[in-house]
Amino acid sequence: MTISFRPLAHDDLALLFEWVHREHVKPWWRPEETFDEFAREYVDAVEGRDPTDVYVIELDGRSIGAIQTYVVADHPEWEALLQVGPGVAGVDLLIGEAELAGRGLGPQILRAFLHEVVFARADVHACVAGVEPANERSLRAFAKAGFHPVRDYVEDGLPHRLLRIDRQSPATNLK
């Protein structure tokens, strides 16, 4: 089994739109209703005008989901909410194929992504994720990947749990 990541391209937007509207993903991503609204949110990232790096997750060459990362400080509103300081990246993960969700791929994907992408940046010393406490599947995946809870916060009127992993964590195998 080979997990790989490739940058999101314009041709991937329709598939990403489909994934975020699937029943197992939609409650947690709350996507825009029309494709045009949705695409506007991602085109700047695809074209390099937004500092968020979005990737398609591939499992043995099959596109199965998406993962994105960004330096929290590059998004002032997000930094103001989280107050994590410089050198901290954020990560968001979705497994778009329902039959692959809940099968232990999430932690493997997160560990590979941390190693290959997030902590490959010398200026990043920690990574955080915000997960709704009701999203138990996601909380388990992040915990198995080595993230630990930091605190709870409210985003868009909904409770979230801030999870964190540091470069020096034994789970990252990076020093």
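Read the figures in this text as sums done on the coordinates, not as results from a lab. Quick caveat, the model's predicted, so the values are computed rather than measured. Here Cβ is always computed from backbone atoms with ideal geometry, including for glycine, and neighbour counts include all displayed protein chains.
Observations on the structure shown:
- Theoretical ellipticity at 222 nm over the chain - DSSP helices of four or more residues, -39500 (n - 2.57) apiece, nearest 500: -7500 deg cm²/dmol
- Relative contact order, percent, the chain [alpha-carbon distance under 8 Å, six or more residues apart]: 17
- Distance between modelled label sites at HIS75 and HIS125, nm, 7 Å Cα→Cβ extension: 2.2
- Counting beta carbons within 10 Å around each of ILE64, ILE165 and listing the fewest first gives the order ILE64, ILE165.
- Footprinting exposure proxy for SER138, SER4, SER169 (fewest neighbouring C-beta atoms within 10 Å first): SER4, SER169, SER138
- Sparse-neighbour loop sites [chymotrypsin sites (Phe, Trp or Tyr not before Pro); the range 20-58; at most 15 other C-beta within 10 Å; DSSP]: none
- Working from label points 7 Å from Cα in the Cα-to-Cβ sense, the ALA39 to GLU116 distance is 2.8 nm.
- Over every Cα atom in the chain, the radius of gyration and the widest Cα-Cα span, Dmax, amount to 15.2, 44 Å.
- Extended-chain gain in nm, criterion 0.36 nm per residue less alpha-carbon gap, ARG6 and ALA134: 43.1 nm
- Applying the criteria of a DSSP loop state and at most 12 other Cβ atoms within 10 Å to the GluC sites (Glu not before Pro) of the range 47-78 yields GLU47.
- Over the range 113-175, relative contact order from alpha-carbon pairs under 8 Å, at least 6 apart, %: 36
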